[in-house]
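Rule-based calculations on the coordinates, nothing more; no lab input. Remember, predicted model here, so these are calculated numbers, not experimental data. All Cβ positions, glycine included, derive from the backbone under ideal geometry; neighbour counts span all protein chains shown.
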Amino acid sequence: MLAPRIAAIIRAIRGAEFFKIVFLCGRSSIIHASKDPTDLTAIAFQFPELSHNLCNLRCCLGRIPPVMRLFENLYAYPWTGNDNNCNSYLFAGTLTGGRHVIIDPGHTVTPAYREPALDRLIRSIARDGLNSSDIGLVVLSHGHPDHCEAAIALRDNYGSLVALHSADEPAYRRMGGKVDLFLDEGELKLGPAGSTVFRIYHSPGHTPGHITVYWPERRVLIAGDCIFYRSTGRTDFPGGSARELAETIKKLADLEIEHLLCGHAYGNSGIISGEEEVRENFRTIGSFLF
Ligand SMILES: [Fe+2]
């Protein structure tokens, strides 16, 4: 019989058109390409350790769009490369002087396949008629290199300020990064007369200094590596805590969210839209977390 947690995720993702299934066991990844969801059952039997941590199971769908303009001033740049890297989100013209805010610019160059991730992001931003040299602020959801490495180049090249929670600053500093603004739970008002208001939530669990960014005006939550489509962030990295992540997700589930923007394209593009779809995602996660 399948472990209950594996059975739960198979139920949750049944019907999806699988393109790539990625199991993360400890620090190693097992990638299995398949279009047949029933393969998942066979794989689950092969790797019984998965039953101990459902959160380590990842599923990726193909055909992820390279860019989405969610609102007039909010652009999503889902990562479409082969190596691991994060999705990036850009608020255009939010700062005084029309400068932009980017959340999680990702890797500069990906570590395994040497994909030029930052160059691709800059080209995508240019295709939208925006200039990366106008990025005035880089907000980092947390201090993992696949989210924050490129912030070093943006700061060096364009003078962008970098914002991060203090608990993740040591990890970022070890990469050579410098922080200009420490974020913590509370409001972040940007632009002329503070015209754009974000709510920052300290959201530990994946890392101790993980933050999520809520934009109440459009009910958007940028979730970093806390929540994905039908799954959650890993908690087996240094400073991770499954208990804290569960508390974080409980807290975030109370928000009114129309668009849940995830840090990775696990299971879908990483963008979950529609209030009911977002609630269903929290319910699915809750069924195996709580
Ligand atoms: Fe991460």
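The table below gives the values:
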{"item": "Förster radius 45 Å - calculated FRET efficiency between GLU256 and ASN82 (Cβ-Cβ, nearest 0.05)", "result": "0.80"}
{"item": "Net length gained if the chain between ASP134 and SER287 were fully extended (0.36 nm per residue, minus Cα distance)", "result": "50.8 nm"}
{"item": "Peptides ranked, highest mean first, by Cβ atoms within 10 Å: ranges 242-255, 82-95, 138-151, 104-117", "result": "138-151, 82-95, 104-117, 242-255"}
{"item": "Gyration tensor (alpha-carbon) shape descriptor, segment 192-290, a/c threshold 1.5", "result": "oblate"}
